[in-house]
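S.K.: Shown below is the structure under consideration.
The values are calculated or read from the model by the stated rules, or taken from the named source; none is laboratory data. Every value quoted in this text rests on a predicted model; they were computed, and no experiment measured them. Cβ sites come from the backbone with ideal geometry, for glycine too, and all protein chains shown count toward neighbours.
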Amino acid sequence: MGRADVRRARQGSARRGKPAQKGSGIRRFFTWKKILGAFLGVCLLGILGFIGLYLYVDIPAGNKQAQFQSNVFKYADGSVMARVGQLNRETVPLSRIPKDVQHTFVAAENKTFYQDSGVDLKGTLRGILNTLKGQGKQGGSTITQQYVKNYYLSQEQTVSRKLQEIVISLKVDQKYSKDDILAGYINTSYYGRGAYGIQAAAQAYYGVDVDKLTVSQGAYLASLLQAPNQYDWALASDTGKQLVKERWAYTLNNMVEMKWLSPEERAQQKFEIPKPPKPLPGLTGQTSYLVTEAKKELFAQGVDETEFEAGGWTVTLGIEKDKQKALEQAVKRKLTDDLDPKTRSVDADAQLGATSVDPKTGYIVALYGGAGYPKHYTDNATREDYQAASTFKPLILASAMENHAQTQGGVPITPNAIYDGHNRRPVVGGTIPFAPPNEDEHEYGKITVQTATNNSVNAVFAQMGADVGLDKVKQTAVSLGLNGSRMDVKPAMTLGTMGASPLQMAGAYATLDNHGTKVTPTLVVKAVHSTNGSDKSVRLKNPIGDQVLSRRTADTVTSVLTGVVNDGTASDAVKNASYKAAGKTGTSDDNKSAWFVGYTPKLVTAVGMFGEAPSGGAQVSLKGAGGGGRVNGGGYPARVWADYTQSALGDSGAGEFDLETDLGAGVPPTPTPTPSRIPSTTPTPTPSHTPSGTPTPSGSPSSSESGRPTGRPTPTGGTSGPPNGGTNGTGGANGIGGGNGTGGNGTPGGANGTNGGNPVPNNFGG
C-alpha cells in the first residue's frame with residue numbers, strides 16, 4: 001500500500017470515529033470569505049463605474065447662467081417698477097491681483113490647493129452622504145470644485161451633480177494650471193452687493209480697483225464667499241459681524257502657517273470696515289427700499305442669493321401704485337415742505353418711515369423708507385432701533401384682557417376699569433420700584449382705562465403692566481410681531497422703551513384690525529424664475545397666520561382706540577376725517593421718536609418720525625423740527641397718516657368696524673348700564689402695606705403726548721377717598737390720607753402721611 005493510500009485510510013477512519021458537524025444556516029451564507037468577496041466586488045464595481053463615468057463625462061461649455069439676465073420687479077397691477085439684476089462682473093487677469101490677496105483666498109478656502117488633485121474625496125463623500133440624508137448644502141469642496149460648480153455646473157445639491165463635479169474637477173485640474181483655476185474661481189464667485197468677481201467686489205466694498213487691495217481687505221473679501229449676505233458688514237447682525245471677523249482672523253492665521261505672511265506682518269493687520277453699499281444701478285427714491293426689502297424677504301424664504309443675482313426672476317410686490325404715490329405726497333405735503341435744514345439745523349435730523357398694510361391680505365400696499373438712495377441708505381420703514389413709545393400701550397391692554405388679568409383690587413381689567421392716574425404714582429406689585437411721570441407732569445385722579453388710553457396716562461399703564469405681569473405682556477407683544485430680543489422685561493417696557501419698526505407696528509395693529517388673526521406684513525406676492533425655457537414659482541409663506549388673540553380682545557382694543565382718534569391725543573390731526581378710524585400716538589423719551597399707528601377697516605398704516613444726526617447716525621432729539629417745539633405723535637406723524645389715508649381710501653371710504661364687543665369708545669353707551677360690565681366707582685382697595693421709603697426714581701422714562709383736547713379734568717388728590725384717611729391712613733411712613741374725604745380729619749400718616757387734600761410723592765391719593 002502506498003503512502004497516499006495509507007493517508008486516505010487514516011482520514012476515513014477519523015471521519016467514521018467522529019460525526020461531522022453541520023454549520024448553522026447563517027454561517028453557511030455569511031462567512032468572512034463571502035463578506036470580503038462581496039466587499040471587494042462592490043469596490044470593483046464602483047471603480048469600474050467611476051472609470052466609465054470619467055471616460056463618459058467631458059468638460060462642458062461655460063454655464064449659461066454666466067450670461068446676463070435682468071430681474072424684473074412689478075407693482076401689484078403687473079406694471080414694471082424696476083429692471084435690475086444685471087451681473088456686475090469684470091474679469092481681471094491674475095497678474096492684476098496682488099500675490100498676498102491671491103493667498104488670502106487659498107488660506108480661507110483650501111490650504112492644500114497648490115498640492116491637491118482638485119478633489120477632496122473625504123469632504124466630497126461627506127457632502128454626498130449629507131445630501132442623501134437631506135441635510136442641505138455641505139462644505140468640504142476644494143477651490144477647483146467650487147470653480148467647476150460656479151462656471152460649468154449649477155448650485156443644485158444632488159448626488160448626480162456632485163459626481164459630475166468630481167469628474168470634471170479632476171479633468172480641469174489636469175488640463176489647466178493652478179493659476180488659471182484660481183483666477184477663474186476668484187472671478188466667478190459671488191461676493192454679495194450684486195458683485196461677481198473680485199474687481200466688482202473691490203469696488204463694492206472698498207471703492208478701489210483690485211490691484212489696490214490690501215491683505216486685510218483681501219482677507220475680508222475671501223471670508224465673504226462663505227456667506228455673502230450674512231457677512232456683508234452693512235447688513236450683518238451683531239452675530240454675523242463677529243463671525244466674519246473670526247473668519248478674517250482665521251484666514252490671516254492660515255497665511256502665517258503657510259509662510260505667506262510673517263508673524264510680524266500678521267500682528268500689524270487691522271480689520272478694515274467696508275464702505276456703505278452703493279446704490280444699485282437705476283434704483284433711486286422709494287424703489288431702492290422696495291427692491292432691497294423684497295430681496296431680503298426672498299432670501300429669508302430660501303431663495304438662493306447667488307442664483308437670484310444671476311437674473312431671470314420676475315417678482316410681483318403688493319405695492320399699489322396709487323397708494324404708494326399718495327404716501328409719498330403726504331410726506332411731502334405734511335412734513336418735508338415744512339423742513340428747512342438751511343435755516344434750522346434740527347430739520348436735517350428729521351427722518352420719517354411708514355408702512356401701510358391691507359389687514360385682510362397682509363400685503364404691504366405702500367412703504368416710505370426715507371429720502372432714498374443715495375441720500376439715505378437706511379430704510380426707515382424697517383429699522384427697529386427707535387423706541388415704540390406709547391404705541392405699545394394698546395398691547396398691554398390686549399394682554400390684560402387676553403390673560404383675564406385683574407387690578408390690585410380684584411376688578412377685571414376692561415376699558416371701564418378704574419385706575420389711579422396720579423403723576424409719579426409708585427407702581428404696586430412690581431419687583432422694581434417704578435413711578436413714571438405723566439406727560440407734562442399732569443395730575444389725574446381715578447380714571448377709566450378708556451380715558452387713560454385717550455390721554456396716554458403713563459401712571460395707569462405702568463400699573464396695568466404690573467397687574468398683568470411683564471412676562472405675559474412680552475409674550476403678547478411677540479405674538480403680535482414685535483422683536484422679543486429688543487424687549488427687556490422691566491417696568492419701563494410699559495412705556496414702550498423697546499425698539500420697533502413701522503413695519504412691525506403696522507403688523508401688530510393689523511392683527512387687531514383683523515380680529516386677532518395674525519398679520520405679518522409682506523411685500524412679495526409672487527416670485528417666478530425663468531430658466532431653460534421654463535418658469536418655476538417659489539412657494540411663499542401666507543402673510544395671514546393663526547388666531548393669536550381672541551376676537552373679543554382684539555375688537556375691544558379697537559373700540560378703545562377709536563377714542564384716541566375722536567377724543568384723545570390724535571384728535572386734532574384726524575378730527576376732519578370722513579372715515580371711521582382707530583389708532584394710538586407715541587412720543588419717546590427725549591423726543592427722539594414720534595409715532596402714530598392708525599387703522600380703518602380697510603387699511604393699517606404706521607408712521608414713525610425719528611431724530612437721526614446726518615453725520616454718524618446718532619439718535620438725537622426732534623425738538624424744534626419744523627419750527628415748533630416738541631414733536632409729538634399727534635403732530636407730524638398723525639398729519640401724514642391722515643393725509644395719506646384720506647387719499648388712499650378715496651371716495652369709497654373705509655366702512656364701519658365690525659366689532660364683536662360691548663366695551664370701549666367705539667360702542668354707543670347703553671341707557672341702563674349693566675353692573676356685570678360697569679365696575680363700581682369705588683376706588684380700588686389700597687394694599688394694607690405699601691413698602692415704606694419706596695423711592696421715586698428720578699429721570700424715569702417718559703412717554704409724552706400732546707395734542708390733548710381741552711377740558712381734561714385736573715383732580716385734586718383723587719376722586720373719592722374714605723373719610724379720615726380710611727383704614728390705611730394711620731401711622732407708618734407711607735400712610736395714605738383721604739384725598740376727598742373729610743379734609744382735615746384725615747389722620748396724619750407719620751412722616752409721609754397726608755392730612756387730607758393733595759397727594760404726596762410715594763403715596764396714593766384716595
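S.K.: Could you check the range 577-630 and list, in sequence order, the residues that are under 14 Å from A500 (Cβ atoms) and hydrophobic (A, V, I, L, M, F, W, C)?
M.R.: A594, W595, F596, V597, A606, V607, M609, F610
S.K.: Then there is this: When G481 is evaluated against the numbered criteria (1) over 22 Å from M609 (Cα atoms); (2) surrounded by 19 or more Cβ atoms within 10 Å (Cβ to Cβ), which criterion, by number, is the only one it fails?
M.R.: (1)
S.K.: What are the pairs with Cβ atoms under 6 angstrom where one residue, in the range 235-253, is within 15 Å of K270 (Cα to Cα) and the other, located anywhere, is of a type in the set (K, R)? Sequence gap at least six, or different chains.
M.R.: Final answer for the pair search is L252/R266.
S.K.: Given the criterion under 21 Å from the mean Cα position of the chain (by Cα) and buried (at least 20 other Cβ atoms within 10 Å of the Cβ), identify the matching residue among Q324, Q351.
M.R.: Working: Q324 fails: under 21 Å from the mean Cα position of the chain (by Cα).
Within the list Q324, Q351, the selection yields Q351.
S.K.: When you scan the range 217-244, how many residues do you find that are surrounded by fewer than 16 Cβ atoms within 10 Å (Cβ to Cβ) and either among the β-branched types (V, I, T) or part of a helix (DSSP H, G or I) (or both)?
M.R.: The qualifying residues number 3.
S.K.: Return the residues of the range 307-317 that are surrounded by fewer than 24 Cβ atoms within 10 Å (Cβ to Cβ) and at pLDDT 95 or above; say none if nothing qualifies.
M.R.: Passing the criteria: only T316.
S.K.: Identify, by number, the condition in (1) in a loop (DSSP other than H, G, I, E, B); (2) modelled with pLDDT under 85; (3) within 25 Å of V92 (Cα to Cα) that N150 doesn't meet.
M.R.: Of everything listed in (1) in a loop (DSSP other than H, G, I, E, B); (2) modelled with pLDDT under 85; (3) within 25 Å of V92 (Cα to Cα), N150 misses just condition (1).
S.K.: Based on what the data block shows, is D513 within 26 Å of the chain's Cα centre (by Cα) and either buried (at least 24 other Cβ atoms within 10 Å of the Cβ) or over 19 Å from A389 (Cβ atoms) (or both)?
M.R.: Numbers: within 26 Å of the chain's Cα centre (by Cα): yes; either buried (at least 24 other Cβ atoms within 10 Å of the Cβ) or over 19 Å from A389 (Cβ atoms) (or both): yes.
The answer is yes for D513.
S.K.: To continue, here is another question. State whether the residues of the range 572-591 include one that is out of contact with any Gly (no Cβ under 6 Å at 6 or more places or on another chain), in contact (Cβ under 8 Å) with a residue 24 or more places away in the chain and β-branched (V, I, T).
M.R.: Yes, that holds for at least one residue.
S.K.: Taking strands (runs of 3 or more DSSP E) that fall entirely within the range 521-613, which contain at least 1 residues that are more than 25 Å from the chain's Cα centre (by Cα) and among the acidic types (D, E)?
M.R.: 534-537
S.K.: Further question: For the range 86-105, what are the residues that are crowded, with 18+ Cβ neighbours inside 10 Å and either outside the structural domain of G197 (by TED's automatic domain parsing) or not in a helix (DSSP H, G or I) (or both)?
M.R.: L87, N88, R89, V92, I97
S.K.: Suppose the filter is within 16 Å of D379 (Cβ to Cβ) and polar (S, T, N, Q); does T314 pass it?
M.R.: In short, no.
S.K.: Quick check: anything in the range 478-491 over 27 Å from S356 (Cβ atoms) and not in a loop (DSSP other than H, G, I, E, B)?
M.R.: Among the residues of the range 478-491, at least one is over 27 Å from S356 (Cβ atoms) and not in a loop (DSSP other than H, G, I, E, B), which makes the answer yes.
S.K.: All but one of (1) part of a helix (DSSP H, G or I); (2) at pLDDT below 95; (3) surrounded by 19 or more Cβ atoms within 10 Å (Cβ to Cβ) hold for L280, so report the exception by its number.
M.R.: Against the list (1) part of a helix (DSSP H, G or I); (2) at pLDDT below 95; (3) surrounded by 19 or more Cβ atoms within 10 Å (Cβ to Cβ), L280 comes up short only on (1).
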